[in-house]
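The structure under discussion appears below in the form of structure tokens.
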Amino acid sequence: MRDRATDAIPEVTPEPAPEAISELSGRVRAAVAHLYSRFRSERAHGEIGDAAVFALTQLLKAGPLSLSELSDRAHVTPGSMSQTVNRLTAGGLAVRARDPHDGRRVLFSLTTEGDRLASEVRAQRVGWLNGRLAELTDDERAVLSRAAEVLERIADS
């Protein structure tokens, strides 16, 4: 006697139509850009620029980092990151120091003022987003949770 379960033909998922992929791609890009724009508009008047906020936040999270580590994390050229850290050090928000394990490397770390500013900026942006997320339904938050997983996977590939 044959087992019908083993005779079943596996389901084949059809390839999505190229126009459907293009439409979804456009919607995702537009939504991410709009959300990023809102983050930028939520900053306090006179707050430092996005590149500087990114560098401060990385130093806050990871501790001292080299120029190449910062530029790799930001996906920018070392020259671009050099301009950013020069502004941070000139503004008293970060300091340069020789790596104690490799005297050829320079590490950047936050000053007390840089730490305060990075923490403040991060708290303001997190607070704004948390407020918007709290206004959503449980189902909407579940959809965003799944979407965040997928977007992270896309970004990491």
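Computed from the coordinates by the stated procedures, all read-outs in this text should not be read as laboratory data. Being a predicted model, the structure only gives us computed values, none of them experimental. Note that we place each Cβ from the backbone using ideal geometry, even for glycine, and neighbour counts take in every protein chain shown.
Tell me the angle of helix 78-90 to the major Cα principal axis of the chain, expressed in degrees between 0 and 90 and rounded to the nearest ten. For 78-90 against the chain, the angle is about 50 degrees. Seen against the Cα atoms of the chain and their longest principal axis, helix 18-41 is set at about 30 degrees. Computing FRET efficiency as 1/(1 + (r/R0)^6) for Asp102 and Lys61, where r is the C-beta to C-beta distance and R0 is 25 Å, gives about 0.70.
Can you tell me the 0 to 90 degree angle between the C-alpha axis of helix 50-62 and the longest principal axis of the chain, rounded to 10? The angle comes out near 90 degrees.
So how much slack lies between Ala20 and Ala155, counting 0.36 nm per residue of separation and subtracting their Cα-Cα distance, in nm? Please report the intermediate quantities before stating the final value.
Working: separation 135, 0.36 × 135 = 48.60 nm, distance 2.03 nm.
Stretched fully, the Ala20-Ala155 segment lengthens by 46.6 nm.
Of the GluC sites (Glu not before Pro) found in segment 98-146, those that fall in a DSSP loop while having at most 14 other beta-carbon atoms within 10 Å are Glu135. Determine, from the Cβ-Cβ distance of Tyr36 and Ser68 and an R0 of 25 Å, the FRET efficiency 1/(1 + (r/R0)^6), rounded to the nearest 0.05. Result of the calculation: an efficiency of 0.50. Report note on the peptides 99-110, 74-85, 18-29: ranked by the mean count of other C-beta atoms within 10 Å, highest first, their order is 74-85, 99-110, 18-29.
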